[in-house]
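Here, each number is a calculation from the coordinates, and none is a lab measurement. From a predicted model like this one, the values you see are computed outputs, not experimental measurements. All Cβ positions, even for glycine, are placed from backbone atoms using ideal geometry, and neighbour counts span all protein chains on display.
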Amino acid sequence: MSIQRSYSAPYLSSLPAAASSSSASNVKEAYEQLDKQFNRLVRDAKRHPVSENNVQPDWIADLQKAARSPAWQETVGDFVMRKHPEDMQHLRDQYEKRTLLLENNAEKKEGQKSAKPAKNDYKQLNSSFADLEARVSNMTKGSKAVFVGSGPQPNTVLAYVNHADSVTGIDINPEAIEATKAIASASGGKIQFEQVPGEAFNYKPYTHVGIAVMVPDKGKILEQIRKTSGPDCTVIVRSVDGLKNAMYEGFDPAASKGFEKIATLHGTDHNITHATILRKKPLNIVA
C-alpha cells in the first residue's frame, strides 16, 4: 500500500489562503527548500542504489536525518511528498532492500541461535518498545499473541513472550522461518513460527496481534483480523509519519474500520516508528 494520493492542483493553490503576502512567501520558501532536499535525496538514491556491496550509501544517513526534522511533519512537507508518489515508492523500495540486506548479513554473522538485533533503524525498535506495547495493550500471562512480519531475528516475539502465555510469529519469507527454528525449539512450546501471509492467517485464537512496520497492505490484514479474531482482540500497528514514509509504509487510519483507537505510542530519535493500539469493536457498533 504505497502513498498514491492524488495531486491534481498546483501546490500553492492547494494550500489554504495565506493571511498575508509575507506568510505566503514563507510557505513558498519552505516548500521550495523541502522540495529541493527531496529531489536531491532521490537523485542520490538513483545514482547510488543499495546493493550487497553498498548496503549503506551516504544518502541513507541523509534521509534518516531529514526524516527526523519537524519540517517534514508539517503540511508543507506533506504536499512535497504528495507531489512525488513514484519517487517516494522508489526510496521506500531502496530502504526496504537495505533493511533486508542488513538482516541477512547479521544472520550470517551471528548464526541461527543468536537473537542479537542487526544494527539498523528497524532493529532499534528494540525490546523496550515492544515491552511498552505489551504493557499498554494489557498483554498478560493469559494472552495469546501473534506478530505479523516477525522476520529472521524476531526480537519483538522474544519480548512479547515475557508478557504473554505464547507467541506466534508469521512471515511470508521462508528463509526467515528457517532462521527462527532454533528459537522455537528452545522455547518449550511458548514460541512458534509459521510461513503465511498476514491477510490469510486465522486470528481467532489470539487476544493480541502485532503488525511490523515493514509489513505492507496493513488495511487488508486489519480486515482479516476483523473477520476472524475474537470479540476482544487488541491490535498493535506499527507505522511512521512524515518523511519516514520514504523508509516504511505509513498506516492509513481509514483502514482501521471496525476498531477503536486505545492509545498511540511514539518512538525516539533512534526508534523511528510509532505504534497505534486498536481494540476490536463489537459487531453491532461497527461503522
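Things worth noting here:
- Sequence-distant residues sharing a close amide H with Ala263 (under 5 Å, placed H): Ile277
- A Förster radius of 41 Å combined with the Cβ-Cβ distance from Asn54 to Lys257 puts the calculated FRET efficiency at roughly 0.45.
- Rounded, prolate or oblate (a/c below 1.5 giving rounded, otherwise prolate when a/b exceeds b/c) for region 127-285 by Cα gyration tensor: rounded
- Net dipole in debye of region 127-285 [+1 Lys, Arg Cβ; -1 Asp, Glu Cβ; about Cα centre; nearest 20]: 560
- Distance histogram for region 188-253 (every C-alpha pair counted, 10 angstrom bins, percent rounded to whole numbers): 20, 48, 26, 6, 0
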